[in-house]
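Here the structure comes first, spelled out in C-alpha cells, and everything after it is commentary.
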Amino acid sequence: MSTLQEMWPFLRTGFGMTIVLLVLSMILSTLLGTVLAGMRVSPVWPFRMFGTGYVNIFRNTPLVVLFILIVEGFPAIDVRPSFDSAGLDVFESLAVIALSIYTAAFVCEVVRAGVNTVDAGQAEAARSVGMTFGQTLRIVVLPQAFRNVIPPMASVYIALAKNTSVAAAFGIVEATAELSRMNERTIASTMKLFVVIAIGYIIIVWVIALVAAILEKGVSRAR
Amino acid sequence: MSSSVLYDAPGPRAKRRHAVYSVVGGAAILALLGYLFWRLWDAEQITPEKWEFLQDPDIVNDLLEGLRVTLSLAAAAIVLAVAFGAVFAAGRLSDHWFIRLPCIAVVEVFRAIPVLLMILFLNFTYSAQLGDYWSIVLALMVYNGSVLAEVFRAGILAVPKGQSEAGLAIGLRKAQVTRLILAPQAISTMLPAIISQCVVALKDTALGYAIGSSDITDRAKLIFTSPFYNNPIAVALMLMAVFVTINYTLSLIARLLEARTRRRGERVVQVDSGRAAVG
C-alpha cells in the first residue's frame, strides 16, 4: 500500500491532465463534428465536398502525425492558443486542438449515420403536417437520431480517452507519461506501475460506457 | 442528391436558392483554404528551404526505408492480430466458463488501455528481448487482436442458426461446426472489418515515434527537429499525404468488399473499437 501512496501524486497529476484533455476535446470535437455532419448531409455541394474531404483526410491520418503538424508546427507559425481558464499551457492547448480535429472526423460520421437511421417517412410526415425545417429537425428527427447515436458516440469518446495518451509522446505529462516518470524513479516494478495506470484507463472507459448505457435506457423509457 | 432524410427533392425555387448557397458557400470555403495557405506563406513555411528535403536522395531513400518498416510493422501486427483474435473469439464462444471468462477479461482489458501505454510497458520491461520492432508489433497485436476477436465473434454469431443446427444434426461436434460450417460463411462478412482494422494498425505504427522504432514517422522526426530544416509543418504534410493515400486505398477496398457482400444479401459486421462490456 505504501507504494500506492508514493504513486498517488503522480497518478493525480497524470490522470488529472488526461481528464482535462479528454473533457475539452470531447466538447470541441462534438461541436466541430456536428457542424461537419451538417455539411455532409447538406444539399449544397461545396459544403458536402468539404465535409467529405475533411473526414477522408483526418480519419486516415495517424494522430501522431497530426500532433507533429499542430503541437510542433503551430508554434513555428506563431499560432499559440492557450486555454488559460482550464489551466493549460500552449502545448497542452494545442494537444486539445489536435485531438479535437482528429476526433471530429469520427463524430461527424456517427452523427451522419445517426441522422440517416431515422426513417425518411418521419421527416416527410413532419413536413406534410406543415412543420418548418427547424421544427422537423428539433421535434422529429434529432430526438430519434440521438437514441441511435449514443452507443457509437460512446465508442468514439472511449477511443478519444485512449488517444489522449499520444500527448505523452510530445512531452505532455498525462497518465501514460507518468509510466515513464515513475519508472525512472523506480517507485515500483514497471509491471506494477503499468497495472495501476491501466486500471485508471479502464475506470475511465467504464465510466463513459456506463453513462452511455444509462442515457440509452433513459431515452428509451421516455418514449 | 445525397441520401438524407432531411431534405425533399428540391423544386425550382429551392434549386435556385441552393445555387446561390453553393456560390456563397464555395467562396467561403475557398476563402478559408486561401487564408490557411496565406498564413503558411506568411510564416515562411512554403519556401524552397522548408521543402527541399524531398529533393535530397539520401533523405528520400531513408524515408522509403522507413515506409518499408512501417508497412512491415503493420503487416506483422495484423497477421498476428488475426490469429490472436481467432483464438480469443473461439475462447469467448466456449461452453466452459473457465475458458470463456479469462478470454472475456483479456479482450476487454486490452481494448480499454491505450496502445502507447502497452508499447512503453513492453519497451521498458522487455526491450532487451524484444527490441523496438517487436514491442510495437506485440502491442498492436494484443490491441487489434482484441478488437478483431469481437468482430469474429459477431461474425460467427451472425450466421443463421439453422446452419449450426444442421451441422449438429448430422453429428458434427461443436468445434467441427465452427470450423467447417460457421467460419467459412462468416469470413466474407468480416473481411471489410478486417481491412478497416488494417487502417487502424497502420495508423498506430506511427506510435513508434515515441520509442524510436525507425518507421517513417520516427525517421521524419530527424528531419524536422534538425536546426537546418526545422520544418515540422512541411514534414507533417508529407506524412499526411503518404498515410492518407495508403489508408484511403485500403478503405476503398473495404467499401467495395462491403458493397459486394451487401449485394449478396449478407450482413456485414461492423468494427466497434472501444466499447467495454457495460450495459
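The values are calculated or read from the model by the stated rules, or taken from the named source; none is laboratory data. Predicted model only: the values in this text are computed from it and were never measured. Here the Cβ is made from the backbone with ideal geometry for all residues, glycine too, and neighbour counts use every protein chain on show.
Hey, does the range B:83-102 have a residue that's charged (D, E, K, R) and within 30 Å of B:Leu202 (Cβ to Cβ)? The answer is yes, given that some residue of the range B:83-102 is charged (D, E, K, R) and within 30 Å of B:Leu202 (Cβ to Cβ). Regarding the range B:50-66, can at least one residue be identified that is free of Cβ contacts under 8 Å to residues at least 40 places away in the same chain, in the same structural domain as B:Phe110 (by TED's automatic domain parsing), over 30 Å from B:Glu108 (Cβ atoms) and of a type in the set (Val, Ile, Thr)? Checking the range B:50-66: at least one residue is free of Cβ contacts under 8 Å to residues at least 40 places away in the same chain, in the same structural domain as B:Phe110 (by TED's automatic domain parsing), over 30 Å from B:Glu108 (Cβ atoms) and of a type in the set (Val, Ile, Thr). For the range A:152-169, give me the residue count where each residue is under 20 Å from A:Ala113 (Cβ atoms) and more than 7 Å from chain B (Cβ to nearest Cβ). Residues in the range A:152-169 being under 20 Å from A:Ala113 (Cβ atoms) and more than 7 Å from chain B (Cβ to nearest Cβ): 5 in total. Screening A:Tyr201 against (1) buried (at least 20 other Cβ atoms within 10 Å of the Cβ); (2) within 30 Å of A:Arg40 (Cβ to Cβ); (3) hydroxyl-bearing (Ser, Thr, Tyr) leaves a single unmet condition, (2). Screening A:Tyr102, A:Tyr157 for residues that are farther than 23 Å from B:Cys198 by Cβ, under 22 Å from the mean Cα position of the chain (by Cα), modelled with pLDDT of 95 or more and among the aromatic types (Phe, Trp, Tyr) leaves exactly one candidate, A:Tyr157.
Can we say A:Val20 is in contact (Cβ under 8 Å) with a residue 24 or more places away in the chain, away from every other protein chain (no Cβ under 14 Å) and not hydroxyl-bearing (Ser, Thr, Tyr)? The answer is yes for A:Val20. (1) part of a helix (DSSP H, G or I); (2) at pLDDT below 95; (3) over 13 Å from the mean Cα position of the chain (by Cα): which one isn't true of A:Ser42, the others all being true? Here A:Ser42 meets the rest and fails (1). Here B:Asp58 meets each of (1) over 23 Å from B:Ala234 (Cβ atoms); (2) more than 14 Å from every other protein chain (Cβ to nearest Cβ) with one exception, condition (1). Here the condition is being touching a residue at least 40 places away in the same chain (Cβ under 8 Å), among the hydroxyl-bearing types (Ser, Thr, Tyr) and closer than 21 Å to B:Ala193 by Cβ; of B:Ser135, B:Ser146, it holds for B:Ser146 alone. Candidates in the range A:179-198 are the residues that are at the interface with chain B (Cβ under 10 Å from one of its Cβ atoms) and farther than 18 Å from A:Ala168 by Cα; of these, the one that is farthest from the chain's Cα centre (by Cα) is A:Ser189.
Tell me whether the range A:81-94 contains one or more residues that are within 12 Å of another protein chain (Cβ to nearest Cβ) and of a type in the set (Asp, Glu). First the steps, then the outcome.
Here is the first cut: in the range A:81-94, the ones within 12 Å of another protein chain (Cβ to nearest Cβ) are A:94.
Okay, now just the ones that are also of a type in the set (Asp, Glu), so none.
Looking through the range A:81-94, none of the residues is within 12 Å of another protein chain (Cβ to nearest Cβ) and of a type in the set (Asp, Glu).
Only one of the listed residues (A:Val65, A:Val44) is within 22 Å of B:Leu202 (Cα to Cα), within 11 Å of chain B (Cβ to nearest Cβ), in contact with a Ser or Thr (Cβ under 7 Å, 6 or more places away or on another chain) and without any contact (Cβ under 8 Å) to a residue 24 or more places away in the chain. That residue is A:Val65.
Considering only the range B:214-226, I want to know if a residue exists there that is among the hydroxyl-bearing types (Ser, Thr, Tyr), in contact (Cβ under 8 Å) with a residue 60 or more places away in the chain and in the same structural domain as B:Asn61 (by TED's automatic domain parsing). Talk me through it step by step, then tell me what you get.
We begin by selecting, within the range B:214-226, every residue among the hydroxyl-bearing types (Ser, Thr, Tyr); these are B:214, B:217, B:225-226.
Retained after the next criterion (residues that are in contact (Cβ under 8 Å) with a residue 60 or more places away in the chain): B:214, B:217.
After this cut, where a residue has to be in the same structural domain as B:Asn61 (by TED's automatic domain parsing) as well, the list is B:214, B:217.
Within the range B:214-226, one or more residues are among the hydroxyl-bearing types (Ser, Thr, Tyr), in contact (Cβ under 8 Å) with a residue 60 or more places away in the chain and in the same structural domain as B:Asn61 (by TED's automatic domain parsing).
Among the residues of the range A:45-63, the one identified as small (Gly, Ala, Ser) and either crowded, with 19+ Cβ neighbours inside 10 Å or modelled with pLDDT under 95 (or both) is A:Gly51. Say we look at the range A:199-222 and pick out the residues that are farther than 23 Å from A:Ala95 by Cβ and of a type outside the set (A, V, I, L, M, F, W, C); which of these is farthest from the chain's Cα centre (by Cα)? Selected residue: A:Arg221. With respect to the conditions (1) among the hydroxyl-bearing types (Ser, Thr, Tyr); (2) closer than 29 Å to B:Asn247 by Cα; (3) within 14 Å of chain A (Cβ to nearest Cβ), B:Ser127 lacks only one, and its number is (2).
On the basis of being surrounded by fewer than 19 Cβ atoms within 10 Å (Cβ to Cβ), among the small types (Gly, Ala, Ser), more than 30 Å from A:Gly14 (Cα to Cα) and more than 8 Å from every other protein chain (Cβ to nearest Cβ), does A:Ala145 make the cut? Here the answer is no, as A:Ala145 does not meet what is asked.
Okay, residues lined up against (1) modelled with pLDDT under 90; (2) away from chain A (no Cβ under 12 Å):
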| residue | (1), (2) |
| --- | --- |
| B:Val5 | yes, no |
| B:Ser22 | no, no |
| B:Leu33 | no, no |
| B:Glu49 | yes, yes |
| B:Gly66 | no, yes |
| B:Leu80 | no, yes |
| B:Ala105 | no, no |
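When restricted to residues that are surrounded by fewer than 16 Cβ atoms within 10 Å (Cβ to Cβ) and over 17 Å from B:Val177 (Cβ atoms), the range B:84-98 contains 3.
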